[in-house]
Structures are given as C-alpha cells and as structure tokens.
C-alpha cells in the first residue's frame, strides 16, 4: 500500500468528526492534513513499517490534535449565542463541552458532581495503555462501530469486541 493511501484512509475518518467550535471547516481540514503528514513522517522516521500500525499512529496523532482543540474550545471559546445571552443579562460563562455537543446525561445540574466524574474518568483512562484508550475513545466518544474500528486496525470485529470488553473490565477494576 502506498503511504498516500494511509493518509487518505486516516483523513476519511476525520471527515466524520465534528469541527471544533473555534475553527472554520476549511481551516480545520487543512490543519488535519498537516497533522496527518507530520504524523506519517514521524512514524516512518521512528521505524514503523507496518501499514496497520502506521495508520493507527497517524489516526492517534489526529485524535490527539482533535481533543486538544475541543478541550481548548470547551474552556475558552464563547458559544455563538453567548453574546446574545450576555445582552439579555444572562451569564453563560459556565458552559462546557457537554452543552456544546448537546449530550444528555442523567446527572442533575450539580457542577461539582460533573467535574468530579470528569476527573475520575480521566484518571482511570490515563492508567490504560494508549491502544486501549484509543479503542475506548473511538467506540464511546467518536461513536465508531466495532466493525469500523476493526477495519481501521486491520483486525476482525470479534477481536475488537473482546478487547473492548476486556478494557471495560479493567476500567471497572480501576474505578472500584
């Protein structure tokens, strides 16, 4: 397989990801292309020759950059309607990423509880190897199917299912 094909496959995944709040779609696309090229170069220079591992290395770099921008956007970028709310006398400076993406949770609006859960989950995930974190993030944050993940990694879907099940058991153990 050509190295250009690895880039194309990696960037195909990025097309499905939501553009961070402070980026224009065309600018974000250019940023992702630059990150993919840099990751491909870094992977090749570090001696990665397997296509599957090289593709995973590029996708991991893209995902890291994606998360960095969403984390920044969630903390520092104003929502488009924030100015309108401020004009109405409402204070919306406490919004977070969950508000932005419109996720629904069964947690009441207790900010302390939400922040505590975020910290606990981040600490638990930080204890996992990078490959395991990648699988959990693709499955639960990006909404990828096990079949899509298997295709990305060049393995069979039942293997992905077993690995995710094992990782979740490990997380359960970590969280107690």
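Read-outs throughout are calculated quantities, based only on the coordinates presented, and are distinct from any laboratory measurement. A quick note: this is a predicted structure, and the numbers were derived from the prediction, not measured. Quick reminder, even Gly has a Cβ in these numbers, built from the backbone with ideal geometry, and neighbours come from all protein chains shown.
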Relative contact order (percent, whole number), region 1-79, Cα cutoff 8 Å, 6+ residue spacing: 41
Gained length - residue 161 relative to residue 115, 0.36 nm times residue gap less alpha-carbon distance: 13.6 nm
Residue order, fewest to most surrounding Cβ atoms within 10 angstrom, among 72, 66, 134: 72, 134, 66
Linear extension gain, residue 30 paired with residue 169, 0.36 nm per residue minus alpha-carbon span: 46.2 nm
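Full-extension gain between residue 3 and residue 17, please, as 0.36 nm times their residue separation minus the C-alpha to C-alpha distance.
Values: separation 14, 0.36 × 14 = 5.04 nm, distance 2.23 nm.
Contour length minus Cα-Cα distance gives 2.8 nm.
With the Cα gyration tensor of region 107-176 giving a ≥ b ≥ c as the square roots of its eigenvalues, does the rule (a/c under 1.5 for rounded; else a/b larger than b/c for prolate; else oblate) give rounded, prolate or oblate?
Prolate is the answer for region 107-176, as a/c is 1.5 or above and a/b outweighs b/c.
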Peptides 53-61, 25-33 ordered by average Cβ neighbours within 10 Å, highest first: 53-61, 25-33
Theoretical FRET efficiency, 1/(1+(r/R0)^6), r = Cβ-Cβ of residue 123 and residue 49, R0 45 Å, to 0.05: 0.85
